[in-house]
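For reference, the structure discussed in these notes is given below.
None of the figures in this text is laboratory data; all of them are computed from the coordinates on show. None of the values given here were measured: they were computed from a predicted structure. We place every Cβ from the backbone using ideal geometry, glycine too, and count neighbours over all the protein chains shown.
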Amino acid sequence: MDLTEKQLSSELLYSGIIVDLTMDMAELCDGRKARREVVHHPGGVSILPLDDEGNCYMVRQYRYPVRDTVLEIPAGKLEKGEDVMVCAVRELSEETGFTADTFVDLGPAYASPGISTEVIHIYLAMGLRPGASHPDDGEFLNVEKIPLDTLVDMAMKNELIDAKTVIAVLKAKQYLASK
């Protein structure tokens, strides 16, 4: 069965700094019509920095939408037309100060495919070289060094609540185990 929904119309409801919101009318696979709210997002990158001793460099920052301080991997949004790897290198440096010799592509993930177009490209960064972090204006975060095995345990105990971080930690552990 073809499950494709066809867009019949789209109305821009909001155009923001980062996202746009449309109200679409879609034709369902059975011919009925349904409204679909869609958040259009440029996508982003996330990077799990791993040193030679098995430690990861995480960032803890306050996330206003969830009104909580969240432990997560360094990440950032893609600028319009920006190359994914350029963004990954920039975000790693901005948030942690590190540069890396190797970036392993752990694959993309949809952030919330039921409502958003956002795709997050996930990388494992190795061969780290330290430097000075330089967060964006208005971005406040703490960098924390945590062993990868501890992060895996935290993910399995539901102590990591950021989806991109859980995905990166578990995929990185599996990637390293296969090497």
Review point. Is it fair to say residue 14 is of a type in the set (Phe, Trp, Tyr), in a strand (DSSP E or B) and either out of contact with any helix residue (DSSP H, G or I) (no Cβ under 6 Å at 6 or more places or on another chain) or surrounded by fewer than 18 Cβ atoms within 10 Å (Cβ to Cβ) (or both)?
Key: yes
**Study point:** All positions within segment 63-120 that are of a type in the set (S, T, N, Q), closer than 25 Å to residue 154 by Cα and in contact with a helix residue (DSSP H, G or I) (Cβ under 9 Å, 6 or more places away or on another chain)
**Key:** 112
Exercise for review: Please enumerate the residues belonging to segment 106-126 that are more than 25 Å from residue 35 (Cα to Cα), surrounded by 17 or more Cβ atoms within 10 Å (Cβ to Cβ) and small (Gly, Ala, Ser).
Suggested key: 125
Exercise for review: Give the residues of segment 17-35 that are in a strand (DSSP E or B) and exposed (fewer than 15 other Cβ atoms within 10 Å of the Cβ), sorted by residue number.
Suggested key: 23, 25, 27, 33, 34, 35
Check your understanding: Any idea which of 110, 62, 57 is free of Cβ contacts under 8 Å to residues at least 12 places away in the same chain and either within 23 Å of residue 133 (Cα to Cα) or hydroxyl-bearing (Ser, Thr, Tyr) (or both)?
Key -> 110
Study note, to complete from the structure: For segment 36-53, the count of residues that are in a loop (DSSP other than H, G, I, E, B) and exposed (fewer than 14 other Cβ atoms within 10 Å of the Cβ) equals 2
